[in-house]
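See below for the structure under consideration.
The values are calculated or read from the model by the stated rules, or taken from the named source; none is laboratory data. These figures come from a predicted structure and were not determined experimentally. Every residue, glycine among them, receives a Cβ derived from its backbone with ideal geometry; neighbour counts consider all protein chains shown.
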Amino acid sequence: MTSATRQRRSGGAALLTAILMLAMMAMIGLSGLSTVMRDRQVAGYTAQAQAALYAADAGVAHGLEILRTEVVGAALSAGDCLTATLPTGPPTTLPNGSTYEPDSTAASNNICMLATATPCAELDSSIEVGQPQYLYTIWNVRTEGSSVGGATARVHATAQRCHVFNN
């Protein structure tokens, strides 16, 4: 073989090697692009779920405000509900477009007392016979939040309130 033929064959081998390397680098690049696209999609789903959870949490805050401000009678027992309820009808819309409403899987949209508990620590001297007793009451609040993207989150919260009971 002459030197010119050898040089032409090695030049062809170098070209083939370069094309194979470029093809392999292109596949690695496309694989990386696919991974980045999938990560961005997952991040979007996570943001939607987080917005729905925050909306449901805003509904719980609304329920707790109702619990703080509602005038409750002195003769309560477990299962009694407040007269004020979480708003029904169209969901309450937040500035970011997310909404909250009462939990659609709950039996009602009422805020109901679950039980009485221990005497209120700040009023523990009220355990005298014939005097009103101040006991913690345990309340149930259930809300559902929805994000603009369609994600839904439900929050079931239990809150306590110091309440006066007649002896």
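For residues that are among the polar types (S, T, N, Q) and either more than 12 Å from the chain's Cα centre (by Cα) or not in a strand (DSSP E or B) (or both), tally how many sit in the stretch 138-167. Break it down into steps so the answer makes sense when it comes.
Residues of the stretch 138-167 that are among the polar types (S, T, N, Q), as a first pass: 140, 143, 146-147, 152, 158, 160, 166-167.
So of that shortlist, the ones also either more than 12 Å from the chain's Cα centre (by Cα) or not in a strand (DSSP E or B) (or both) come out as 140, 147, 158, 160, 166-167.
Of the residues in the stretch 138-167, 6 are among the polar types (S, T, N, Q) and either more than 12 Å from the chain's Cα centre (by Cα) or not in a strand (DSSP E or B) (or both).
Going by what's in this entry, would A51 be described as aliphatic (A, V, I, L, M) and part of a strand (DSSP E or B)? Show your work before the answer.
On the way: aliphatic (A, V, I, L, M): yes; part of a strand (DSSP E or B): no.
Taking the combined requirement at face value, the residue does not satisfy it.
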Among the candidates L114, L86, single out the residue that is of a type outside the set (D, E), at pLDDT 85 or above and in contact with a strand residue (DSSP E or B) (Cβ under 8 Å, 6 or more places away or on another chain).
L114
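Matching residues to (1) over 30 Å from L114 (Cβ atoms); (2) assigned to a helix (DSSP H, G or I); (3) touching a Cys at 6+ places or on another chain (Cβ under 6 Å); (4) touching a residue at least 40 places away in the same chain (Cβ under 8 Å):
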| residue | (1), (2), (3), (4) |
| --- | --- |
| M27 | yes, yes, no, no |
| Q41 | yes, yes, no, no |
| G44 | yes, yes, no, yes |
| P87 | no, no, no, no |
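For the stretch 64-76, which residues satisfy the criterion of being free of Cβ contacts under 8 Å to residues at least 60 places away in the same chain, surrounded by 10 or more Cβ atoms within 10 Å (Cβ to Cβ) and in a loop (DSSP other than H, G, I, E, B)?
E70, G73
To keep it simple, each residue is scored yes or no on (1) out of contact with any strand residue (DSSP E or B) (no Cβ under 9 Å at 6 or more places or on another chain); (2) more than 30 Å from N96 (Cα to Cα); (3) loosely packed, with under 10 Cβ neighbours inside 10 Å.
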| site | (1), (2), (3) |
| --- | --- |
| A14 | yes, yes, no |
| M21 | yes, yes, no |
| A26 | yes, yes, no |
| L33 | yes, yes, no |
| R38 | yes, no, no |
| T46 | yes, no, no |
| A49 | no, no, no |
| Y54 | no, no, no |
